[in-house]
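A quick write-up on the structure given underneath.
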Amino acid sequence: MISRRALTAGLVAALHCWPVAALAQDAAVSSLQPRVENGRQVYLAEQFARFNPRTALDMVTQVPGFTIDTGDEDARGLGQADENVLINGARISGKNIDAFTFLGRISASNVLRIEIVDGATLSISGLSGQVLNLVTKAYEGAGLNGNFKWDPRWRRSGSNWFAGEASVSGKLGKGDFTLSVENDAQRSGVEGPERITDRFGGLLFERDEVARYRQDQPKISGAYSRTSEGGAVFNANAAYQIYRKRETVATDRTQAGQPDIFEFYSSNEDEWNGEFSTDYEFGLGGGRLKLIGLQRFEHSPVSNFFGQTFFDGSTPPNGSRFDQTTDEGESILRAEYGWKTAGGSDWGISVEGAYNFLDNKGALAELDAQGVFQPVPLTNANSKVTEYRGEVITSYGRPLSDAVTLQATLGGEYSKISQTGARGESRSFVRPKGSVSLAWKPQPDLDISLKVERLVGQLNFFDFVESVDVSQNNGNAGNPALVPPQSWRAELETTRKLGPWGSLTVNIYGEQFSDIVDSIPITATTEARGNLDSATSYGVELTSSILFDPISWRGAKLDFTGEVRKSSLRDPLTGIHRRISDDKIFTYEATLRHDIPGSDWAWGAGVEDRRYSDFLRLDQITRFRTGAPYSWIFVEHKDVMGLTVQANLGNLFGHSENFTRTVYANRRDGPIAFIEDRSRQFGLIYRLTVSGSF
């Protein structure tokens, strides 16, 4: 007979060894543990086999604890690196493509490994924290390979059959090429009631609204790269895109004792844009020189209309229309030179010159009693804004010890901003910028990085020109006296590898702004975007991946990303401290995925939500809230006649858009004129994703 003591000892021993035994049952499923090589976390391509990835993006999105950060995609110029993805140790070439798109064009079969490294340890200025480097195979053979994805969606407001992308890659002479087509199509809509009350809550009238949104963005792009026998690297990228948007809101307005009113709002945009860029990197002296050139142009005609039709039989319809045509362009020349010295030090210098312009023409018209549009004069709607900008940055990096690495940058920026038109003027600015980063690896599974940075922000050229929002009956007067904002930013990022359990990254940051842009009074009745003296912002970001293999739920993974932020500035009207207008309060997303061992099936679920602070003008406050988090479930089969097919059902909790606008009789420090309160419903969203490779 087995004694109680022996049985207890056996159970304790079994529990102690159980996670290791569970992991050993299915090595392919439990393989998302990196090995450490020279301070880098390394994942081999075969470790992602359980996901049956079609593209490099399918692999990268499954790396535990890593989230792609595309940086500031709307920033003018190229500047220092701010996207946390590298390809074979180099930044992604061009501006018309981000990391998501680029990775989606690389076949999984061409991936050798994925490396996670602290950006401060690299000889690329601007990077810090966790950076992913994708290492690919050299393309061989005369054939072609490619990827495609079709992403139709259905909802009660309409069907979207036209979203998808495809790319093909191969050899061209001694280089490699990629051609791709894509369409970021959207078909969406919401509907629901709106109540307009006075400041005491008394009902003034009601609206029943139906909103529809249609968007197509067909794009064709091509890339060519070649590496010479001597190590020189040449890249060229070109893209052309059409952007077509149609938005409508149809409203039935009712009021007790008054005839009904039909209101209609429409917004149409027909844009096209094109971009060409090239770069060439080669050895020079004791280092490497990289020359970059880029040219981009965009043409955007936009027309907005709001009108009312009265059903009393006598009141003529009214309406207003604001038409705007904007041409934007960007020309960039940049040179980067880097070299190494004794002791492992990395040196670098970059010089960039850029020319940007926005040429805007705007016209406001209102219907007269005969139903004919009559022009309304605007002061600053026809104007051209130009900027000549130059930047010089030097960088230095070196290991301070086996566990600590330093990276520092120092430089400055010169810009000359000019505006033509009735209120045009020209001004010049010289601003210092730079950063200091420390990367510390006290143990193999722990990375800590600290970065302090002086930043120079960029102005939105549309804030210089006058515009009108016909649907809300307000406008922006335009402000030619704007100056670029500046800030000091510090962030501390810690990444802990949890062994078989996954990974956890925590980022704590704070930022002190000067000359931040917000709404300010221009006259007693007009406002525009202007500069405020100071503001602060601080927050915490959390990224984690939990693997459930240690508790024998093999193939299951929970990913979580979230951020909480607090900001403060002194309101220019009331003098009271408040959050920055329309600033993030929190966001989160949690996704559970289970790849069933020994099968081609996977299933999962997810939930996400976000909240932003109130958007403030001088005479109104607008608040957006979600009625419930957005949630979804999915099921996936990885081999349906060689294709991966995923079915997704979204909006399980009844996610809705809740909008409240408080309008004041004069300014926000006076009495309330009325309050708009609406709730719009989305309904269930059905989604099918079909992807394959060849």
**Report entry** Candidate set: the stretch 146-157, residues that are open to solvent by 20 Å² or more (accessible area, probe 1.4 Å) and touching a Ser or Thr at 6+ places or on another chain (Cβ under 9 Å); chosen: the one farthest from Tyr686 (Cα to Cα)
**Finding:** Phe148
Query raised in the report: Taking the stretch 36-76 as the region of interest, how many residues are surrounded by 21 or more Cβ atoms within 10 Å (Cβ to Cβ) and part of a loop (DSSP other than H, G, I, E, B)?
Result: 7
Query - Among the residues listed as Asp619, Asp559, Asp571, the single one being modelled with pLDDT of 95 or more and not aliphatic (A, V, I, L, M) - result: Asp559
Requested in this report: Say whether the condition of being open to solvent by less than 40 Å² (accessible area, probe 1.4 Å) and under 23 Å from the mean Cα position of the chain (by Cα) is met by at least one residue in the stretch 461-477.
Outcome: yes
Query raised in the report: Gly201 fails exactly one of the following numbered conditions: (1) at negative phi; (2) open to solvent by 30 Å² or more (accessible area, probe 1.4 Å); (3) of a type outside the set (Phe, Trp, Tyr); (4) assigned to a loop (DSSP other than H, G, I, E, B). What is the number of that condition?
Result: (1)
Requested in this report: Considering (1) within 30 Å of Val233 (Cβ to Cβ); (2) within 21 Å of the chain's Cα centre (by Cα), say which one Ala166 fails and leave the rest.
Outcome: (2)
Query raised in the report: Within the stretch 487-506, how many residues are in contact with a Leu (Cβ under 6 Å, 6 or more places away or on another chain), open to solvent by less than 20 Å² (accessible area, probe 1.4 Å) and over 14 Å from Asp533 (Cα atoms)?
Result: 1
**Report entry** Subset of the stretch 620-649 [open to solvent by 40 Å² or more (accessible area, probe 1.4 Å), free of Cβ contacts under 8 Å to residues at least 40 places away in the same chain, touching a strand residue (DSSP E or B) at 6+ places or on another chain (Cβ under 6 Å) and more than 30 Å from Thr574 (Cβ to Cβ)]
**Finding:** Tyr630, Ile633, Val635, Leu649
Requested in this report: Examine the stretch 298-318 for a residue that is part of a strand (DSSP E or B), touching a strand residue (DSSP E or B) at 6+ places or on another chain (Cβ under 9 Å), at pLDDT 95 or above and farther than 30 Å from Gly371 by Cβ, and state whether such a residue exists.
Outcome: yes
Query raised in the report: Does Arg76 satisfy the condition of being within 30 Å of Leu333 (Cβ to Cβ), among the basic types (Lys, Arg) and touching a residue at least 24 places away in the same chain (Cβ under 8 Å)?
Result: yes
**Report entry** Asp600 closer than 29 Å to Ser537 by Cβ and in contact (Cβ under 8 Å) with a residue 12 or more places away in the chain
**Finding:** no
Query raised in the report: Given the residues Val351, Val404, which is the only one that is modelled with pLDDT of 95 or more, β-branched (Val, Ile, Thr) and under 30 Å from Asp118 (Cα atoms)?
Result: Val351
Query raised in the report: Would you say Phe548 is on the phi < 0 side of the Ramachandran plot, more than 23 Å from the chain's Cα centre (by Cα) and not basic (Lys, Arg)?
Result: yes
Requested in this report: From the list Pro484, Pro480, pick out the single residue that is open to solvent by less than 20 Å² (accessible area, probe 1.4 Å), within 16 Å of Val385 (Cβ to Cβ) and modelled with pLDDT of 90 or more.
Outcome: Pro484
Query raised in the report: If you check Phe262, Phe177, which single one turns out to be modelled with pLDDT of 95 or more and part of a strand (DSSP E or B)?
Result: Phe262
Query raised in the report: Could you count how many residues in the stretch 158-174 are open to solvent by less than 50 Å² (accessible area, probe 1.4 Å) and in a strand (DSSP E or B)?
Result: 8
**Report entry** Failed item in (1) without any contact (Cβ under 8 Å) to a residue 40 or more places away in the chain; (2) not basic (Lys, Arg); (3) not in a strand (DSSP E or B), with Leu542 passing the rest
**Finding:** (3)
Report task. With respect to Val392, determine if the residue is modelled with pLDDT of 90 or more, closer than 25 Å to Pro484 by Cβ, among the hydrophobic types (A, V, I, L, M, F, W, C) and within 32 Å of the chain's Cα centre (by Cα). Result -> yes
Requested in this report: Of all residues in the stretch 354-375, count the ones that are aromatic (Phe, Trp, Tyr) and not in a strand (DSSP E or B).
Outcome: 0
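Results for (1) among the aromatic types (Phe, Trp, Tyr); (2) in contact (Cβ under 8 Å) with a residue 40 or more places away in the chain; (3) closer than 30 Å to Tyr265 by Cβ; (4) surrounded by 15 or more Cβ atoms within 10 Å (Cβ to Cβ), shown as yes or no for each residue.
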{"residue": "Gly338", "(1), (2), (3), (4)": "no, yes, no, yes"}
{"residue": "Gly353", "(1), (2), (3), (4)": "no, no, no, yes"}
{"residue": "Pro377", "(1), (2), (3), (4)": "no, no, yes, no"}
{"residue": "Tyr414", "(1), (2), (3), (4)": "yes, no, no, no"}
Query - Residue selected from the stretch 209-233 under the condition open to solvent by less than 30 Å² (accessible area, probe 1.4 Å) and in contact (Cβ under 8 Å) with a residue 60 or more places away in the chain, by the criterion nearest to Gly89 (Cα to Cα) - result: Ser221
**Report entry** Positions within the stretch 257-279 being open to solvent by 50 Å² or more (accessible area, probe 1.4 Å) and touching a residue at least 12 places away in the same chain (Cβ under 8 Å), in sequence order
**Finding:** Gln258, Pro259, Asp260, Phe262, Phe264, Asn268, Asp270, Trp272, Phe276
Query - Residues located in the stretch 659-675, provided they are part of a strand (DSSP E or B) and touching a Phe, Trp or Tyr at 6+ places or on another chain (Cβ under 7 Å) - result: Phe659, Val663, Ile672, Ala673
Query raised in the report: Can you name the residue in the stretch 311-326 that is in contact with a Pro (Cβ under 6 Å, 6 or more places away or on another chain) and over 30 Å from Lys384 (Cβ atoms) and is also surrounded by the fewest Cβ atoms within 10 Å (Cβ to Cβ) among such residues?
Result: Asp312
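The values are calculated or read from the model by the stated rules, or taken from the named source; none is laboratory data. Bear in mind that the values here come from a model prediction, so they are computed numbers and not experimental data. Cβ coordinates were reconstructed from backbone atoms using ideal geometry, including for glycine residues, and neighbour counts include every protein chain displayed. These area figures cover heavy atoms from the full protein model, side chains too; ligands, DNA and RNA do not enter into them. Shrake-Rupley method; radii C 1.70, N 1.55, O 1.52, S 1.80 Å.
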